[in-house]
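Encoded as structure tokens, the structure appears first; notes follow it.
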Amino acid sequence: MKRIGVLTSGGDAPGMNAAVRAVVRTALHHDMSVVGFKRGYNGVLMRSPSQIDDFEILTARSVSDKIHRGGTFLRTARCLEFVQPEIQKLAVSNLHGLGIEGLVCIGGDGTYRGAEALNRLGLPTVGVPGTIDNDLAYTDFTIGFDTALNTACECLNKIRETSDSHERASLITVMGRNCGDIALHTALTCGAEICMIPEIPWDIEEVADRVKWGVVRGKRSMIMVFAEGALSSLTTDLAKLCQQTPALNEIIPHNNRVTSSQLALIIEKLSGHETRSTVLGYIQRGGSPSGRDRMLATQLGAHAVDLLKEDRGGLAVGIRGTKLIEVPFEDVQKGEHAADAGLMDLVDIMAVISH
Ligand code: F6P
């Protein structure tokens, strides 16, 4: 291949810039030129009034001073219309028009679906896992997860200090979509007492009981880490509970869903212990990438280009143990990676509440 493209798509993740840098510099090393597309697949569709808003040739200098920066200088977006076959064909024809023979797509699950479609239409693509969620089963880690984890840890340390001073319980909501990895790893590395994730069923009355027990055992703060998707595995019927508990009558859950602050209030009323809610939000997606994320981004970006150089497409790169791997797009959700029940047990053991 003489020319390849690169884009970042979906939610941004710290380390995406480092991955683009690795793609560009590895390609230049192999005498390939690189076109960077802006705002994910939108740039490939070339609909901006000015071309520079859609794509630009990337040189070694274009990626200087980027390895340590969060966000993505190529910018990112979700391109909902990209599921349409005629839009995918338009993308392939635009790419061919620019002389592009292969494309590196950095992002998560949605990004991979677009890349897989382009590959099926004859344009070789390689996916690089860039998402804080760590929700791709084939790879141990995705780029951005480690930084998000460190950010969440830093926030939790601070929240614990104030919770401790006020002797309150705290429910902290972290990101991760349908994956509990950010929550579970944050809980373990911050010594949280309780963790709720989408992959493991949980009951709110048990959570409240644990808060009660923790207080009885002399814990000054009770830290509960709540994965944003964890209501999906809640086994309690919230509507019934709120109806039957006079102090909760004002809460009217819809489809067994409540907000994080309502959840904190339910725990407070059931446990009798003051409970506050903090939603960490986008703070988890920003920030300078950790050393681990820069390392992973550099290795995977380079590996993606090496595959395209060998005319290999339809693949997603990742890491298992210390080994770089590549799997066909259709296998990205197959693998060992699932919420580790052993890690959840460790949260309990470390919290020393139930024995
Ligand atoms: O996929 C990354 C992520 O930050 C998820 O953890 C979260 O659910 C989602 O993106 C939020 O997306 P948006 O940028 O649309 O608010």
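The values are calculated or read from the model by the stated rules, or taken from the named source; none is laboratory data. Quick caveat, the model's predicted, so the values are computed rather than measured. Glycine also receives a Cβ, built like all others from the backbone with ideal geometry; neighbour counts cover every protein chain displayed.
To keep it simple, each residue is scored yes or no on (1) touching a Cys at 6+ places or on another chain (Cβ under 6 Å); (2) farther than 26 Å from TRP213 by Cβ.
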| residue | (1), (2) |
| --- | --- |
| CYS242 | no, no |
| LEU248 | yes, no |
| ASN255 | no, yes |
| TYR282 | no, yes |
| MET295 | no, yes |
| ILE319 | no, yes |
| VAL332 | no, yes |
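Out of ARG210, ARG168, ARG113, I need the residue that is charged (D, E, K, R), within 15 Å of the ligand (Cβ to nearest atom), farther than 26 Å from GLY291 by Cα and out of contact with any Gly (no Cβ under 9 Å at 6 or more places or on another chain). Which one?
ARG113
Out of the residues in the stretch 61-89 that are surrounded by 13 or more Cβ atoms within 10 Å (Cβ to Cβ) and free of Cβ contacts under 8 Å to residues at least 40 places away in the same chain, state the one that is farthest from THR147 (Cα to Cα).
LYS89
Here is a yes/no grid of residues against (1) of a type outside the set (D, E, K, R); (2) part of a strand (DSSP E or B); (3) more than 16 Å from the ligand (Cβ to nearest atom):
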{"residue": "PRO14", "(1), (2), (3)": "yes, no, no"}
{"residue": "VAL20", "(1), (2), (3)": "yes, no, yes"}
{"residue": "VAL44", "(1), (2), (3)": "yes, no, yes"}
{"residue": "SER62", "(1), (2), (3)": "yes, no, yes"}
{"residue": "ILE67", "(1), (2), (3)": "yes, no, yes"}
{"residue": "GLY71", "(1), (2), (3)": "yes, no, no"}
{"residue": "ARG78", "(1), (2), (3)": "no, no, no"}
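When both residues are 6+ apart or on different chains and their Cβ atoms are under 7 Å apart, which pairs have a first residue that lies in the stretch 227-256 and is at pLDDT 95 or above, and a second that is within 16 Å of the ligand (Cβ to nearest atom) and assigned to a strand (DSSP E or B)?
ALA227/VAL174; ALA227/MET196; GLU228/THR173; GLU228/VAL174; ALA230/MET196; LEU231/ARG257
Give the residue that is modelled with the lowest pLDDT, with candidates limited to residues of the stretch 317-339 that are touching a Leu at 6+ places or on another chain (Cβ under 8 Å) and closer than 25 Å to ALA183 by Cα. Quick ask: steps written out before the conclusion?
Looking only at the stretch 317-339, we keep the residues that are touching a Leu at 6+ places or on another chain (Cβ under 8 Å), and these are 317-319, 324, 326-329, 332-333, 337, 339.
Right, trim to closer than 25 Å to ALA183 by Cα and you get 317-319, 332-333, 337, 339.
Working: VAL317: 98, GLY318: 98, ILE319: 98, VAL332: 95, GLN333: 90, HIS337: 64, ALA339: 71.
Restricting to residues being touching a Leu at 6+ places or on another chain (Cβ under 8 Å) and closer than 25 Å to ALA183 by Cα, the top hit is HIS337.
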